[in-house]
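Here, each number is a calculation from the coordinates, and none is a lab measurement. Given the structure is predicted, the values throughout are model-derived calculations rather than measurements. Neighbour counts are summed over all protein chains in view; Cβ atoms, including those assigned to glycine, are modelled from backbone coordinates with ideal geometry.
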Amino acid sequence: MLSRRVFIETASLAGISSTVFPEILMREVRVPADITVDTIKAAEALSGLQFTDAERELMLDGLKSTVADYEAIRAWDLPNAVPPSVVFDPRMSGEAVPTLPARVPVSWEPEAVTRPASDEDLAFMTVPELSALLRSRQVSSLELTQLYISRLRAYDPVLRCVVTLTEERALRQARAADAELDAGVWRGPLHGMPWGAKDLLNVDGFPTTWGAEPYRDQTFEGDAEVVRRLDAAGAVLVAKLTLGALAMGDVWFGGRTNNPWNIERGSSGSSAGPGAAVAAGLVGFAIGSETLGSIVSPSTRNGVTGHRPTFGRVPRTGAMALSWSMDKLGPMCRSSAGCALVFDAIHGHDPGEPFSVTTPFSWPATHHLADIRIGYLDGAFENEDDLAVLEVFRRGGVDLEPFQFPDIDPNPLILMLRVEAAAAFDALTRSQQDDLLVRQDAGAWPNSFRRAHFVPAVEYVNASRIRTLLMREMRRMYEGVDVLIMPSFGNRGLSISNLTGHPSVTVPHAFLPVEGQPAGSARRNPASITFLGGMYRDDLTLAVADWYQQKTDFHRRRPSIQ
């Protein structure tokens, strides 16, 4: 506990802004009777406020009472799974949610596929291809599961993408899937398909570590809803995969998850393990999560396809909460068509998350490309690889329209993420166990959590109000377009769309030479393009991405893992 003198001296430091007046009092003055006019004056310096002595005197008794209220709130043991009573709803934009009387499964049927000659080729097949092989019994679920487990064991020492192998569970599931498939029972496209879960999803009987040292031994009863739905679809969980500690970056308590395309480079995050494992052919698909780029970024870095669904379409029950108003769960695969089949198995309302929704989804898409209004982010396409994407569509007869994002800066609104994350892990900060996290730099969670305690509640609420305006402006923009093509980075799209809840599909579109590597080196730096869809139009977004991948082969390329 800081002394009052140290607190006042700290409060006078220059360069500290965006701070909260009552939070300062709560954190640094533990006994309400210690609050004086001088304490309030020091807090003003951090809050960007200025009062008169008479106003400070008038506040004294009320602030002492408020600090006592804060202490009462802190006495509660609030598990990470408990959400706030105020929940983000993207329908605040005025968007109407498409409704269905009940969840309707896709009508997809596998096409004829021949098993490749080598297990290496088999490991890199897409979800639709693997599904066809499983259903035609050219490969068994047990055989495919053992193949992926052996690859996970072989490559994890290099990639560090596995937290826990779920081998016994996987083999049991695979044998059960084979028995059903041999008997002619087909649960759907994922029946018998091995997959990996980002280790923020609860799996009964296994640790759920959140990638962070303080939680490496924690377990939960029951499975996350997404895990339960994939079990019901007949999918086979082979591993819990790494994430950057508490869903930031690619550094976890076991080290850094490395990039299969260049092992001297990290795999980005926070869905680091899912990105690396899918890219390296270690799982058929994976489930990642995104709050502010955690599917888009590792999909880019690892050269895989990532689908970030519309906010609320995939329930987060049983998943670590970082930001209740921004967290999304979604598939990471080798193709957009694979993402569509996985999404179909996991989307829909769950009573455990009342604001989750069930909305129409069909695959294959019932819309022809000519019927989908496709635009591009005007002024954002400068390099040859990005421009080449637009040319693929133009050669396909698509008339691309230029669009611009609303003139609202999203960066100040990201304070909402920081505040919610600090609330989700307030006990970690107060216990000082945040010192156990591997990363301790200025941009890491421990420092961010501490900073967030000084964000005024008034500013948080007003940021939320500006966010409503942003959502409304995005709705107006999408009155003229169904899917927007944009570079994945270097523009405001990633921040804006995560704040508004719009769906995206990120796909590889280039593999660039690594600077300093000799000519002919197999090492590459993947690059990506993102398709950003209208609210609840995951079907159109996936369809446009799938069309692009049918015209190109970037998603077919494999890393050297060296």
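Scanning the stretch 35-83 for residues that are under 30 Å from residue 218 (Cβ atoms) and of a type in the set (Lys, Arg) turns up just one, 74. Annotation: of all residues in the stretch 189-219 being surrounded by fewer than 24 Cβ atoms within 10 Å (Cβ to Cβ) and more than 21 Å from the chain's Cα centre (by Cα), the one that is farthest from residue 145 (Cα to Cα) is 214. Counting the residues of the stretch 295-313 that are within 25 Å of residue 209 (Cβ to Cβ) and in contact with a Lys or Arg (Cβ under 7 Å, 6 or more places away or on another chain) gives 5.
Look through the stretch 496-533, keep the residues that are hydroxyl-bearing (Ser, Thr, Tyr) and under 23 Å from residue 417 (Cα atoms), and return whichever of them is surrounded by the fewest Cβ atoms within 10 Å (Cβ to Cβ). Ranking the candidates gives 497 first.
When the stretch 166-185 is filtered for residues that are of a type in the set (A, V, I, L, M, F, W, C) and surrounded by fewer than 17 Cβ atoms within 10 Å (Cβ to Cβ), the ones remaining, listed by number, are 176, 179, 183, 185.
Yes/no per residue for (1) assigned to a helix (DSSP H, G or I); (2) farther than 21 Å from residue 347 by Cα:
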site	(1), (2)
76	no, yes
81	no, no
84	no, yes
95	no, no
104	no, no
137	no, yes
143	yes, yes
157	yes, yes
174	yes, yes
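Can you go through 71, 57 and tell me which one is within 30 Å of residue 416 (Cβ to Cβ) and either touching a helix residue (DSSP H, G or I) at 6+ places or on another chain (Cβ under 9 Å) or of a type in the set (D, E, K, R) (or both)? Answer to the check: 71. Residues that are in contact with a Phe, Trp or Tyr (Cβ under 8 Å, 6 or more places away or on another chain) and of a type outside the set (Asp, Glu) number at least 2 in the following strands (runs of 3 or more DSSP E) confined to the stretch 299-417: 328-333, 374-377, 401-403. Selection of the stretch 135-148 for residues being out of contact with any helix residue (DSSP H, G or I) (no Cβ under 6 Å at 6 or more places or on another chain) and farther than 21 Å from residue 184 by Cβ yields 146, 148. The residue of the stretch 374-394 that is farthest from the chain's Cα centre (by Cα), among those that are under 30 Å from residue 342 (Cα atoms), surrounded by fewer than 18 Cβ atoms within 10 Å (Cβ to Cβ) and not hydrophobic (A, V, I, L, M, F, W, C), is 394. The set of residues in the stretch 473-495 that are crowded, with 20+ Cβ neighbours inside 10 Å, within 21 Å of residue 302 (Cα to Cα) and of a type in the set (Ser, Thr, Tyr) contains only 488.
One line per residue, one yes/no per condition, for (1) more than 17 Å from residue 253 (Cα to Cα); (2) β-branched (Val, Ile, Thr); (3) touching a strand residue (DSSP E or B) at 6+ places or on another chain (Cβ under 6 Å):
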{"residue": "270", "(1), (2), (3)": "no, no, no"}
{"residue": "280", "(1), (2), (3)": "yes, no, no"}
{"residue": "285", "(1), (2), (3)": "yes, no, yes"}
{"residue": "292", "(1), (2), (3)": "yes, no, no"}
{"residue": "297", "(1), (2), (3)": "yes, no, no"}
{"residue": "303", "(1), (2), (3)": "yes, no, yes"}
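For residue 132, the conditions (1) under 28 Å from residue 191 (Cβ atoms); (2) buried (at least 19 other Cβ atoms within 10 Å of the Cβ); (3) within 28 Å of the chain's Cα centre (by Cα) all hold with the exception of (3).
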